[in-house]
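Here's the structure, in structure tokens; my notes come after.
The values are calculated or read from the model by the stated rules, or taken from the named source; none is laboratory data. Since the model is a prediction, treat every value here as computed from it, not as a measurement. Note: ideal-geometry Cβ built from the backbone for every residue, glycine included; neighbour counts use all protein chains shown. We work out accessible area using only protein heavy atoms, side chains counted, and drop any ligands, DNA or RNA first. Shrake-Rupley method; radii C 1.70, N 1.55, O 1.52, S 1.80 Å.
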Amino acid sequence: MYNNTFGNIFRLTSFGESHGKAIGGVIDGFPAGITIDMEFIQKELNRRRPGQSAITTARKEADEVEFLSGIYEGVSTGCPIGFAVWNTNQHSNDYDNMKDVYRPSHADYTYTQKYGIRDHRGGGRSSARETIARVVAGALAKLALRQLGISITAFTSQVGPFKLDKDYTTYDLTSIENNPVRCPDQDLARQMADYIFLIKGEGDTIGGVISCVIKGCPVGLGQPVFGKLHAALGNAMLSINAVKGFEYGQGFSNMELKGSQQNDIFYNNNGEIGFRSNRSGGIQGGISNGQDIYFRVAFKPVATVLMEQPTVDIHGNETILKARGRHDPCVLPRAVPIVEAMAAMTLLDYYLLDKASTL
């Protein structure tokens, strides 16, 4: 298995499986001299960890990170940063009935066909628990970006039929942690939470959309051909478990508009070049233009449903599977920090790449 590394200059190589001893990683290319706020990093992990509320999986994990290298007296040294998060609450027996059965819409079949072997306990390497390593690396990237004045905020904008109906600029994005769904509209968040709880009671799952806004990004990140910034962000988001779609700026919205209606018009803003609108989503020609970068990420319903489903076993025999164990009825609340982490890693990587563009 290869392709366990993300990034160009800022690089994360992750390791570990859902029911193994640990999830961890090695980070290369992290700048020296960055103050490492351990409390902030743990807070980011806490936003991702299971067992947060009645609408997430009941698995209980402390998800405390242990750094092994690359940090001295609270500051990054420029050396590789190694870290591990130890697994402590696996219920591997919950997966015994799935050992020889392919779970619908999971990676079981493709994984087995490709490698000839798989760890059936929680999905092994294909488990979303691997995203712990991304959140740690993303938290470090956020600390570096903070020094550059760049902030990243993701939030739940749709759960099933419930969705925000206004532009992100009309909402208070600092309020997303005030509810378990991480939606900036508190009334809608309650409706979303009630709906997720209802779906959970049925033994079923539901998907939705996470939106993300990047503020303070300088002009010039990205390349015009194969290194487009939006393509890098799309690649990062589509690498997250359960993601089915990515759009930035207007995306698929307002496709009935003409070019003259879609264009972001320039104007002289007291001697500086300004924009009348931001339909481009902060990226033009694959390069950041200094405006807010905003995008949306679609997540499918979690594939594990706690009800009977027809399937086949590893020998091709038709059978019935009823999954057991502790699973999220909706991945969105815990995926918000993962989206932020992948965006942060991409932005820091492309900022460092930009420093190599000119002498």
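List of remarks:
- FRET efficiency, F67 to L198 (Cβ-Cβ, R0 56 Å, nearest 0.05): 0.85
- Nearest-20 debye value, the chain charge dipole, Cβ charges on Lys, Arg, Asp, Glu: 280 debye
- Note on Q147 and M307: their simple-model spin labels are 5.2 nm apart, each label 7 Å out from Cα toward Cβ.
- Sequence of H120, H106 when ordered by accessible area, the most exposed leading, probe 1.4 angstrom: H106, H120
- When the chain is treated as a Gaussian network with alpha carbon springs shorter than 10 Å, the biggest mean-square fluctuation among G222, G259, G251 belongs to G259.
- Exposure ranking of K43, K142 by accessible area [1.4 Å probe, largest first]: K43, K142
- Once the Cβ-Cβ distance of L238 and S277 is raised to the sixth power relative to R0 = 22 Å, the FRET efficiency obtained is 0.20.
- Spin-label model distance (nm) - F226 vs K166, 7 Å beyond Cα toward Cβ: 4.5 nm
- Label zone at N254, where the point sits 7 Å out along the Cα-to-Cβ direction: segment 269-292 residues whose backbone N lies under 13 Å: 276-282
- Of the chymotrypsin sites (Phe, Trp or Tyr not before Pro) found in segment 228-337, those in coil by DSSP whose Cβ has at most 15 other Cβ atoms within 10 Å are F252.
- 3J(HN,Hα) along segment 65-77, derived from phi through the Karplus expression 6.51 cos²θ - 1.76 cosθ + 1.60 where θ = phi - 60°, amounts to 8, 10, 8, 10, 6, x, 10, 9, 6, x, 9, 5, 9 Hz, with x in place of Gly and Pro.
- Between K21 and I320, the modelled labels are 4.2 nm apart [label points 7 Å from Cα along Cα→Cβ].
- Put simply, the chain fits an ellipsoid with semi-axes of 34, 26, 19 Å; these come from the alpha carbon gyration tensor as the roots of five times its eigenvalues, largest first.
- Under the span-like rule (Cα at least 18 Å along the axis, Kyte-Doolittle mean at least -1.0), DSSP H helices of the chain: 131-147, 186-201, 332-354
- The amide H of S127, built 1.01 Å from its N in the peptide plane, has S18 as neighbours under 5 Å, considering only residues 5 or more places off or on other chains.
- Amide hydrogen neighbours beyond the local backbone of F299, cut-off 5 Å, H modeled: G208, V209, I210, K244
- Accessible surface, per residue, of the chain when the full set of protein chains is kept, probe 1.4 Å, Å²: 48 Å²
- Among R190, R49, R121, the residue with the largest mean-square fluctuation in a Gaussian network model of the chain, with springs joining Cα atoms closer than 10 Å, is R190.
- Result for the chain in a Gaussian network model with C-alpha springs under 10 Å: among S211, S157, S76, the largest mean-square fluctuation is at S76.
- Members of K163/K244; K200/K322; K200/K300; K142/K300; K43/K142; K142/K215 lying beyond 19 Å, as alpha-carbon distances in this model show: K142/K300
- Per-residue 3J(HN,Hα) values for segment 154-163, derived from phi via the Karplus relation 6.51 cos²θ - 1.76 cosθ + 1.60 with θ = phi - 60°, read 10, 7, 6, 10, 7, 10, x, x, 8, 8 Hz in sequence order (x marks Gly and Pro).
- For the chain, the relative contact order comes to 23 percent (Cα pairs under 8 Å, sequence separation of at least 6).
- Within the accessible area of the chain (1.4 Å probe), percent carbon and sulfur: 52 percent
- Counting DSSP beta bridges with both ends in the chain, the antiparallel % (nearest 5): 100 percent
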